[in-house]
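Below: one structure, written as structure tokens.
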Amino acid sequence: MTLLLLLLTSNPAGTACGDPAAGLAVTGEPLVLRLGEKGRLRLFGNRREGVAYRWTLRARPVGSLADVVQPEGTTVGVTSECEYAYSDGTVPNLTPDVGGDYLAHVEARPMDGGPPAFADVHLRALELPAGETTGCDAFPGISTAALALTLWRRRRARQ
């Protein structure tokens, strides 16, 4: 049996890559990990300038001792697809140790002192029978962030 961790944002439509003149908006990214595998907590936003951030783990399964490693720091701005690049080699990450639900939270503050932005990221460890896949390979070669951004833009265009 394989145990996987599924990371889902609480804002699937996404606010990242929105209007840079608007207030700061941030979000995370869905990803799948194996139990015990370190998962990078990616951060996306609508500003080109760096931000100060702090990740916390608000909830974890009973018996879990997992916590966010390197939870605080700054970014040096955004790279492609509106993803913030973490500075100083610090990359926030989480290694799940127990199957079940986790809730990660990020607070990001613009360097210019403007109001902060917040995002919750839901994590769920799933047990799958041997040989069964998660179905996450439906779009090979396309990153989840790119797929989410494309779907968000299509939804906005229809409104």
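The values are calculated or read from the model by the stated rules, or taken from the named source; none is laboratory data. Please read these numbers as outputs of a predicted model, since none were measured by experiment. Cβ coordinates were reconstructed from backbone atoms using ideal geometry, including for glycine residues, and neighbour counts include every protein chain displayed.
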Query - Cross-chain or 6+ apart pairs with Cβ under 7 Å, region 88-110 first and in contact (Cβ under 8 Å) with a residue 12 or more places away in the chain and basic (Lys, Arg), then in a loop (DSSP other than H, G, I, E, B) and surrounded by 15 or more Cβ atoms within 10 Å (Cβ to Cβ) - result: Arg109/Pro116
Report task. Determine which single condition Glu127 fails, assuming it passes every other condition in (1) under 29 Å from Pro20 (Cα atoms); (2) exposed (fewer than 15 other Cβ atoms within 10 Å of the Cβ); (3) modelled with pLDDT under 80. Result -> (1)
Report task. Return the residue satisfying two criteria in turn: it lies in region 46-59 and is surrounded by 14 or more Cβ atoms within 10 Å (Cβ to Cβ) and among the charged types (D, E, K, R), and of such residues it is modelled with the highest pLDDT. Result -> Arg54
Report summary line: Note on region 107-121: residues small (Gly, Ala, Ser) and part of a strand (DSSP E or B) are Ala108, Ala117, Ala119
Requested in this report: Please go through region 36-53 and pick out each residue that is out of contact with any Pro (no Cβ under 6 Å at 6 or more places or on another chain) and among the basic types (Lys, Arg).
Outcome: Lys38, Arg40, Arg42, Arg48
Query raised in the report: Can you pull out the residues in region 54-96 that are more than 18 Å from Glu37 (Cβ to Cβ) and either polar (S, T, N, Q) or in a loop (DSSP other than H, G, I, E, B) (or both)?
Result: Thr56, Val62, Gly63, Pro71, Thr74, Thr75, Thr79, Ser80, Ser87, Asp88, Gly89, Thr90
Report task. Report the residue count in region 60-92 for those that are among the small types (Gly, Ala, Ser) and surrounded by 14 or more Cβ atoms within 10 Å (Cβ to Cβ). Result -> 4
Report summary line: Among Leu35, Leu43, Leu103, Leu24, the single one that is modelled with pLDDT under 90 and crowded, with 19+ Cβ neighbours inside 10 Å is Leu24
